[in-house]
Amino acid sequence: MNDRHSPPNPSSPSSPAAEPVAAPASASTAPAPATALAAPVTHYENFPVASLLCPPHLRQPIAAIYAFARTADDIADEGDATPAARLADLAAYRADLLRRSAQGQPRLAPAGPVCSCRWPGIVRHQLPVPLLEDLLSAFAQDVEKTRDAEGYADRAELLDYCRRSANPVGRLLLHLYGVGDAQALQQSDAICTALQLINFWQDLSVDIPRHRHYLPRADCAAHGACQAELLALQSTRENARLIADCADWARATMESGAPLVRRLPGRAGWELRLVVQGGLRILDKVEALKGGSLHTRPRLHAWDWVVMLGRALVM
């Protein structure tokens, strides 16, 4: 996923294809967000989902995780709803999740945001509900931060956000793969956090004009980056050093989690190799821009996939 708070999917890259999902309307009068989701939204993905490498028996639950997260993301971000309406819809979505999980219901109502072909995966595979709740908590925080045009004080605060916005996706996938030891969870968290950070650094030109601030204030101060110049998307030496340092942080985090690719068997391991290399390739492009990601969003192209495959083969 590529949006500023979309949880990255660390095990399923395929092609830069997007998936249509329902977007929220501006009203919050519906009893649940199910009735507030109508128009399809198309999302460009640098880390796409549901590839042919994905083990066939896991495609449905993985698609269910993605649909759940994407729907919550759209509630938090798409359309022209007020922050209060978005928060109310996210709360209703959480209540619906808890109620239906407790009752073991296999699907939402016919008009529900997660279509009936995907919701059964969440119930049938006994996906840990607290991890899904963490995702919703992060989406709600995004609404509040954007509403207040508030950023993050330091890396610790931003990492806490990543713990809820990104890391649950990796842990949910490990749950499906039957891998749950402490080292694997730690490495998965590192990969997911890195993917989330990479999303931030590639999306600066999109996020900052929309009052989404992910460059930690402590880092900005350390590099002498001027807040006014960042808000104006100006490429200065200070801003370039700031972005380069943040990219280095994301790269080191990704590399610390990369050994996980050798822990997952067969297709899952190869899928994860491509996701890791996709994230690193985006970082290559961010770094090559030398601060230019303030006004240019890097994307993956055909040649990049060749490079990623080659690097994946030697991991």
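Identification of helices (runs of 4 or more DSSP H) wholly contained in the stretch 236-315 with 2 or more residues that are under 19 Å from A194 (Cβ atoms) and at pLDDT below 95 yields 266-288, 302-313. Candidates are the residues of the stretch 269-306 that are surrounded by fewer than 17 Cβ atoms within 10 Å (Cβ to Cβ) and hydrophobic (A, V, I, L, M, F, W, C); the one that is nearest to A184 (Cα to Cα) is V306. Residues that are closer than 14 Å to R155 by Cα and in contact (Cβ under 8 Å) with a residue 60 or more places away in the chain do not occur anywhere in the stretch 221-238. Count of the stretch 176-198 residues, restricted to those that are within 15 Å of C162 (Cβ to Cβ) and modelled with pLDDT under 95, is 0.
For every residue, the table says whether it meets (1) among the aliphatic types (A, V, I, L, M); (2) buried (at least 19 other Cβ atoms within 10 Å of the Cβ).
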{"position": "P209", "(1), (2)": "no, no"}
{"position": "R212", "(1), (2)": "no, yes"}
{"position": "A218", "(1), (2)": "yes, no"}
{"position": "E229", "(1), (2)": "no, no"}
{"position": "L233", "(1), (2)": "yes, no"}
{"position": "R237", "(1), (2)": "no, no"}
{"position": "T253", "(1), (2)": "no, yes"}
{"position": "S256", "(1), (2)": "no, no"}
{"position": "L260", "(1), (2)": "yes, yes"}
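Within the stretch 145-155, restricting attention to residues that are under 18 Å from the mean Cα position of the chain (by Cα) and modelled with pLDDT of 95 or more, the residue that is least open to solvent (accessible area, probe 1.4 Å) is Y152. A Cβ distance below 9 Å, combined with a sequence gap of six or more or placement on separate chains, defines the contacts here; from the stretch 282-305, residues that are in contact (Cβ under 8 Å) with a residue 40 or more places away in the chain reach residues that are of a type in the set (D, E, K, R) and open to solvent by less than 10 Å² (accessible area, probe 1.4 Å) in the pairs I282/D304; K285/D304; S293/D203; R297/D203. Can we say S188 is on the phi < 0 side of the Ramachandran plot and open to solvent by 10 Å² or more (accessible area, probe 1.4 Å)? No: the conditions fail for S188.
The values are calculated or read from the model by the stated rules, or taken from the named source; none is laboratory data. On a predicted model such as this, the values are computed, not experimentally measured, just so you know. Please note: Cβ atoms are built from the backbone with ideal geometry, for glycine as well, and neighbour counts cover all protein chains shown. With ligands, DNA and RNA removed, areas are computed over all heavy atoms of the protein, side chains included. Shrake-Rupley method; radii C 1.70, N 1.55, O 1.52, S 1.80 Å.
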